[in-house]
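Worksheet: one structure, shown below.
The values are calculated or read from the model by the stated rules, or taken from the named source; none is laboratory data. The model shown is predicted, which means the values in this text are computed figures rather than measured ones. FYI the Cβ positions are ideal-geometry reconstructions off the backbone, even for glycines, and counts take in every protein chain you see. Ligands, DNA and RNA are excluded from the accessible area calculation, which covers all protein heavy atoms including side chains. Shrake-Rupley method; radii C 1.70, N 1.55, O 1.52, S 1.80 Å.
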Amino acid sequence: MKMVVCGKGGSGKSTVTALLAQEWSSNGRDVVIVDTDESNIGLHRFLGVNPPTDLMDQMGGKQEVMEKMMSAMKNPDGFDDLKLFDKEWNIADIPSACVSENQNVKLVSVGKVHHAGEGCACPMGFIAKQFLKNLKLKANEVVIVDTEAGLEHFGRGVEEGVDAVLMVLDPSYESVLLAKKVSDMIKPLNLPMYYVLNKVTPEISQTMKENLPNQKIIGEIPQDPDLLTAGLSGNHISDSSQGVKQAIRDIVMKTKNS
Ligand SMILES: Nc1ncnc2c1ncn2[C@@H]1O[C@H](COP(=O)(O)OP(=O)(O)OP(=O)(O)O)[C@@H](O)[C@H]1O
Ligand SMILES: [Mg+2]
């Protein structure tokens, strides 16, 4: 199963990604987190690992991928003809330098913005889309894709290579608005879409539910001091309240057949 985690900036995508990965792993699954956020650089810390080498570097670097994309644009079939991978990959085919691992959770990072003026992030989006489409999973394997804030990854077609979309909503009007937009945007893709309400109380959840489109809300995660501390200190997320643990267990249970 490959699942994209999306949502507005700061809603808790990376936190929920890390928590879900740990829960899947403790259920005996082999988990790969694919970090497709080209800007934020702290996800590895939530997982207690060092940052892996970017996949972009394995692909020859950003300049080389950009040049391949520019030359593909001159062909009649455009990007359809451009294949960055010459064969299907299993998880074992991912170069070891591009994998950081802790307790059966692997982290792979597509690529980060490193320099001012280095150009747009389209090559990262292109690698993310092809990597996810090209990666073949065994029954026991789960891929969770952490995305950048907002909608850019939908525009890049990253969702073409996944089986489900999980949207994290914090208690804000902007999150509710975005949920409606994403719900409309992914209709043509025919993917299951789930909502997770994060940093909520039962009262806040109720208000949000009244304003959300008719999609599945599969988890309600409370505001939690341990998660706040991990986010503040940049530390491994190693503990959380019973309320958070139960919400994460519920989400895994409800998405395991996606
Ligand atoms: N349930 C929660 N309780 C308390 N703090 C939380 C909770 N969920 C997330 N946080 C905190 O909120 C902040 C944002 O979380 P996170 O980085 O996961 O969001 P994000 O959606 O990935 O952000 P970005 O859009 O920048 O990638 C972090 O400091 C994190 O520790
Ligand atoms: Mg994030």
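Can you tell me how many residues within segment 35-53 are outside any helix (DSSP H, G or I) and away from ligand 1 (no atom under 12 Å from the Cβ)?
Kept after step one, since they are outside any helix (DSSP H, G or I), are these residues of segment 35-53: 35-42, 48-53.
Imposing the further condition that a residue be away from ligand 1 (no atom under 12 Å from the Cβ) reduces the set to 48-53.
Of the residues in that region, 6 qualify.
For segment 131-153, give me each residue that is open to solvent by 10 Å² or more (accessible area, probe 1.4 Å), part of a helix (DSSP H, G or I) and more than 15 Å from ligand 1 (Cβ to nearest atom).
Lys133, Asn134
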Subset of segment 70-108, residues among the basic types (Lys, Arg) and either part of a helix (DSSP H, G or I) or exposed (fewer than 14 other Cβ atoms within 10 Å of the Cβ) (or both), comes to Lys74, Lys83, Lys87
Residue check for Ala128: open to solvent by less than 20 Å² (accessible area, probe 1.4 Å), within 16 Å of ligand 1 (Cβ to nearest atom) and under 19 Å from the mean Cα position of the chain (by Cα): yes
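Can you go through Glu159, Glu220 and tell me which one is under 26 Å from Leu47 (Cα atoms), touching a strand residue (DSSP E or B) at 6+ places or on another chain (Cβ under 9 Å) and either assigned to a strand (DSSP E or B) or within 16 Å of ligand 1 (Cβ to nearest atom) (or both)?
Glu220
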Give me the pairs, please: first residue somewhere in segment 190-217 and charged (D, E, K, R), second residue anywhere and more than 16 Å from ligand 2 (Cβ to nearest atom) and open to solvent by 80 Å² or more (accessible area, probe 1.4 Å), beta-carbon distance under 8 Å, and either six or more positions apart or on two chains. Lys199/Gln223; Lys216/Lys254
Does segment 35-58 contain at least one residue that is at pLDDT 95 or above, among the aromatic types (Phe, Trp, Tyr), out of contact with any strand residue (DSSP E or B) (no Cβ under 7 Å at 6 or more places or on another chain) and under 26 Å from Met193 (Cα atoms)? yes
Those residues that are outside any loop (DSSP other than H, G, I, E, B), within 22 Å of Pro95 (Cα to Cα) and away from ligand 1 (no atom under 14 Å from the Cβ), I need them from segment 4-33; list them, please. Ser25, Asp30, Val31, Val32
Those residues of segment 114-130 which are assigned to a loop (DSSP other than H, G, I, E, B) and free of Cβ contacts under 8 Å to residues at least 40 places away in the same chain, in sequence order: His114, His115, Ala116, Gly117, Cys120
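Consider Gly111 carefully, then state whether it is more than 16 Å from ligand 1 (Cβ to nearest atom) and either under 14 Å from the mean Cα position of the chain (by Cα) or assigned to a loop (DSSP other than H, G, I, E, B) (or both).
no
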